[in-house]
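In what follows, a structure is listed as structure tokens, so that the remarks can point back to it.
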Amino acid sequence: MKIGEVNFQELGKVLMQASMTALHQKKVTLHETMLGFDSFSENKIEWEFVKDLFTLTTEEIADKWYDAKDKSIGFYFKE
């Protein structure tokens, strides 16, 4: 399950940086920014998750990050 590799504290930082990245690039939406975004930062997996969050379908996210939608709900409520 790839979501287990994500550092949630770093993910929060990346989410805050994403909006400023969009502003700097003069993009109207985060979706537009993420479509062409490739991060070379140390938070690569967190940037990949954010990019997927704004560019993939819900089912694609479940398959890629949670090893299918049947397992995703269990991961979310585990903590």
With the checklist (1) buried (at least 17 other Cβ atoms within 10 Å of the Cβ); (2) more than 17 Å from residue 65 (Cβ to Cβ); (3) at pLDDT 85 or above in hand, flag the one item residue 50 doesn't pass.
(2)
Among the residues of segment 32-47, which ones are under 13 Å from residue 6 (Cα atoms) and surrounded by 16 or more Cβ atoms within 10 Å (Cβ to Cβ)?
43, 45, 46, 47
In segment 53-64, the residues that are over 21 Å from residue 16 (Cα atoms), part of a helix (DSSP H, G or I) and either modelled with pLDDT of 90 or more or of a type outside the set (Gly, Ala, Ser) (or both)
58, 59, 60, 63, 64
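Out of all the residues in segment 20-42, is one or more of a type in the set (Lys, Arg), in a helix (DSSP H, G or I), out of contact with any strand residue (DSSP E or B) (no Cβ under 6 Å at 6 or more places or on another chain) and without any contact (Cβ under 8 Å) to a residue 40 or more places away in the chain? Step through it out loud before you land on a result.
Step one: list which residues in segment 20-42 are of a type in the set (Lys, Arg), which gives 26-27.
Retained after the next criterion (residues that are in a helix (DSSP H, G or I)): none.
The answer is no, given that none of the residues of segment 20-42 is of a type in the set (Lys, Arg), in a helix (DSSP H, G or I), out of contact with any strand residue (DSSP E or B) (no Cβ under 6 Å at 6 or more places or on another chain) and without any contact (Cβ under 8 Å) to a residue 40 or more places away in the chain.
Mind checking which residues of segment 19-31 are surrounded by 15 or more Cβ atoms within 10 Å (Cβ to Cβ) and closer than 15 Å to residue 56 by Cβ? Write out each step before concluding.
Step one: of segment 19-31, the residues surrounded by 15 or more Cβ atoms within 10 Å (Cβ to Cβ) are 21-22, 27, 30.
Listed by number, the list holds a single entry, 30.
The values are calculated or read from the model by the stated rules, or taken from the named source; none is laboratory data. Because the structure is a prediction, the values reported are computed rather than measured. All Cβ positions, even for glycine, are placed from backbone atoms using ideal geometry, and neighbour counts span all protein chains on display.
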